[in-house]
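Student: Can you read through this structure? Questions will come right after.
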Amino acid sequence: MQTTTGKVINQLRLNERIEQLSQIGRISETGVCRLALTPEDMDGIIQVRLWMENAGLTTRLDPFGNLIGRLEGADQALPILMIGSHIDSQPYGGRYDGAIGVLGALEAVQCLIENGIQPHMPIEVIAFCDEEGSRFNKGLFGSRGITGQLEEGELERQDKNGVTRREALEAFGCSPSDFEEAIYPPGSIDSYLELHIEQGPVLEALNAPVGLVTGISGPLWLTVTMKGMAGHAGSVPMGMRHDALVGSAKVIAAFDDMVREDPEAPTVGTVGSLRVFPDSRNIIPEEVSFTVDLRDMEIERRNRLEARLMNILDDLSFRYGLTYSLTEDTNSEPRYCAEPIKSVIRSSAEEIGLTLPELMSGPFHDALALSLVCDYGMIFVRSKDGISHHPSEYSSPEDIGLGTEVLYRTIRRMCSGMNQPIILPEEAL
Ligand SMILES: [Zn+2]
C-alpha cells in the first residue's frame, strides 16, 4: 500500500469521504450547516457509521449522541485509546472543522486493520455530539458527557425554536436516563488523540502542512461595565464630561497594547462585543459594557496581565470620572498535551520527513474535556488564511493526508503491544 510519498493511508478514500460528508447539510458552493442533533447531523452519523462498519468496527450511538466505532484489542481489559473529533458544524460553517478528525481517525484505524495490525488495547473512533455549541449555546456536549462533566440544567437549554436539548436528544433516539451508565469510569480511557484543522494562520505563516499542539490555552472571559454620566452632546463642556465610551475606548486600546508587549508570547486578547447606552448620536454615553477574552498557555502570565488590566481600569476610570464593575464569565486553565504522546507524534512525523512546529490551540476542542480524565495529544493541519467557521475554510487534501498519516503512525506506535508509547532516544528525534 506504500505510495511514492511514503504514505500508508489511502488518500483517495479519505478525500472522497471528506467530500461526501461535506455534501450533507451543504448550504452553498462550499458552506456546510450540520447543527447538532438535527436531521442533517443524523444523516452525517448514518454515513460515518456505515463507513465505520465497512472498515470492521463495531458501532453504537451512545445516550449523549456520540457515534462510537470500536476495534477490539488483544487485551480487552486494557484502558482504551480514543481517537476522534466532531461532525457537527456552525450554521455557516466549513467542510473540514471536526470532520477531518473523525474521518482521519477512521482512515488511520482502517489502515491498521488492512495492514493486519491488532492493537494491544481496544481503540475507539468517536464522533462527539455537539462540539460547536451553536444550537444550544453550550458546546463540547458529548465529550463532557462521557467524562461526567455535564452541568445542572443542560438538558433544559433551548434552541432558538424553543426545542430543549432533552427533546432533541430523544428525537435522535438517545435517552438521557441512560447517561449515568454511559460515562466512562475513571481510568478506562488511556489516551485521547485528535486531528483538527488549525483554524488559525500560524502553520501557513511557517509554511508547514502539519503542526504539533502543545496544549489548549485557557480563556478568561470577563464582562466590563463602565458607568459615567449622560448629557446633551451640544451643551456639556468637554472638561465636565464623564463619557463612558471614551473611557472604555482608552481601556480597550491599553489592553491591546499590553497584550502585544511580548511578541514572542502566544498571548492573545480580544474585545469582541460592545454595548453603548443610551446609544444615541447626541447623548454622551452613560454606560458601556464590553467583553474581554484573554488566552495564554501560561496561567501565571495570564494572571499577571489580568492584574494589570485591573490597574488600567482603575487608572482610566479615575481619569475619566467613571465607575466600573466586572463579571467573570469563564475562567479555565490551560491544558497541556502529554509529553510522551507529543514525543510519539514527533517521531511519527520524522518517519515521513516532517519536522513539526509546535503551537498552542486558542480555540476549544473535544480534547479539552478529555484532558481532565486522560493524557491527550493533538495534531493540527494548516488552514488557508487561518479561516474557519466559514464556508471559505480550506485545508488541502495533501495537508490533511499528511496529518492523517502522522496520526496513523502515532496510533501504530501507541498500540504496539506495550500499552506504552514508544519513545525514541533523543538523538533519533
Ligand atoms: Zn472543531
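Values quoted throughout were computed directly from the atomic coordinates according to the rules given, and no laboratory measurement underlies them. All values reported here derive from a predicted model rather than from experimental measurement. Don't worry about glycine lacking a Cβ; one is built from the backbone with ideal geometry, like all the others, and counts go over all protein chains shown.
Student: Rank the residues 376, 184 as a footprinting-exposure proxy: fewest other Cβ atoms within 10 Å of their Cβ go first.
Tutor: 184, 376
Student: If you don't mind, there's one more thing I want to ask. Please report the antiparallel percentage of the DSSP beta bridges confined to segment 42-184, to the nearest 5.
Tutor: 60
Student: Can you list the aspartates and glutamates whose alpha carbon sits under 15 Å from that of residue 160, skipping same-chain ones fewer than 8 residues off?
Tutor: Straight-line reach from residue 160, under 15 Å: no aspartates and glutamates qualify.
Student: Would you mind ranking 346, 301 so that the residue whose beta carbon has the fewest other beta carbons within 10 Å leads the list?
Tutor: The most exposed by this proxy come first: 301, 346.
Student: Ranked from highest to lowest mean number of other Cβ atoms within 10 Å per residue, what is the order of the peptides 112-120, 400-408?
Tutor: Final packing ranking: 400-408, 112-120.
Student: Now for a separate question. In segment 1-72, which GluC sites (Glu not before Pro) fall in coil by DSSP and have 16 or fewer other Cβ atoms within 10 Å?
Tutor: 29, 72
Student: If packing is taken as the average count of other Cβ atoms within 10 Å, what order do 280-287, 235-242, 45-52 fall into, highest mean first?
Tutor: The packing order, highest mean first, is 45-52, 280-287, 235-242.
Student: Treating the angle as unsigned and between 0 and 90°, give the value, to the nearest 10°, between the Cα long axis of helix 99-114 and the longest Cα principal axis of the chain.
Tutor: 20
Student: Further question: Putting +1 on Lys and Arg Cβ atoms and -1 on Asp and Glu Cβ atoms, find which of 223, 291, 320 reaches farthest to the positive end of the dipole of segment 218-331.
Tutor: So the residue we want is 320.
Student: Nearest 500 deg cm²/dmol is fine: what mean residue ellipticity at 222 nm does the chain get from its DSSP H runs of n ≥ 4 alone, each adding -39,500 (n - 2.57), divided by its residue count?
Tutor: Estimated from H runs of four or more residues: -10000 deg cm²/dmol.
Student: Got a sec to turn the phi values of segment 147-162 into Karplus ³J(HN,Hα) couplings, 6.51 cos²θ - 1.76 cosθ + 1.60 with θ = phi - 60°, whole Hz, x for Gly and Pro?
Tutor: So the J values, rounded to whole Hz, are 9, x, 10, 6, 10, 3, x, 5, 6, 8, 4, 10, 7, 6, 9, x.
Student: Which value, in debye to the nearest 20, describes the size of the charge dipole of segment 218-331 about its Cα centre when Lys and Arg Cβ atoms bear +1, Asp and Glu Cβ atoms bear -1, and nothing else is charged?
Tutor: Magnitude of the dipole: close to 420 debye.
Student: Let me ask another. Which shape class, rounded, prolate or oblate, goes with segment 1-70 when its Cα gyration tensor gives a ≥ b ≥ c as root eigenvalues, a/c under 1.5 marks rounded, and past that a/b bigger than b/c marks prolate?
Tutor: Here segment 1-70 falls in the oblate category.
Student: If you restrict to DSSP beta bridges whose two residues both lie in the chain, what percentage is antiparallel, to the nearest 5?
Tutor: Once the DSSP bridges in the chain are tallied, antiparallel ones form about 70 percent.
Student: What angle do you read, to the nearest 10 degrees and between 0 and 90, between the alpha-carbon axis of helix 11-22 and the longest principal axis of the chain?
Tutor: 50
Student: Between rounded, prolate and oblate, where does segment 169-214 land on the alpha carbon gyration tensor, with a ≥ b ≥ c its root eigenvalues, rounded for a/c under 1.5, else prolate if a/b exceeds b/c?
Tutor: oblate
Student: Which three semi-axes in whole Å describe the equivalent ellipsoid of segment 90-180, each the square root of 5 times a Cα gyration tensor eigenvalue, listed largest first?
Tutor: Semi-axis lengths for segment 90-180 are 30, 17, 10 Å.
Student: Let me make sure I get this right: for segment 218-331, a, b and c are the square roots of the gyration tensor eigenvalues over alpha carbons, sorted descending. Under 1.5 in a/c it's rounded, otherwise prolate if a/b > b/c, else oblate. Which is it?
Tutor: Prolate, because a/c is 1.5 or more and a/b exceeds b/c.
Student: Of 258, 379, 149, which is farthest along the charge dipole of the chain in the positive direction, counting Lys and Arg as +1 and Asp and Glu as -1 at C-beta?
Tutor: Projecting each Cα onto the dipole axis, the largest value belongs to 258.
Student: While we're looking at this one, here's another question. Taking neighbour counts of Cβ atoms within 10 Å as a proxy for exposure, in what order, fewest first, do 229, 121 appear?
Tutor: Ranking 229, 121 by Cβ neighbours within 10 Å, fewest first, gives 229, 121.
Student: Of 353, 331, 45, which is farthest along the charge dipole of the chain in the positive direction, counting Lys and Arg as +1 and Asp and Glu as -1 at C-beta?
Tutor: Towards the positive end, the residue furthest out is 331.
Student: Give me the angle, in degrees from 0 to 90, between the Cα long axis of helix 39-55 and the longest principal axis of the Cα atoms of the chain, rounded to the nearest 10.
Tutor: 30
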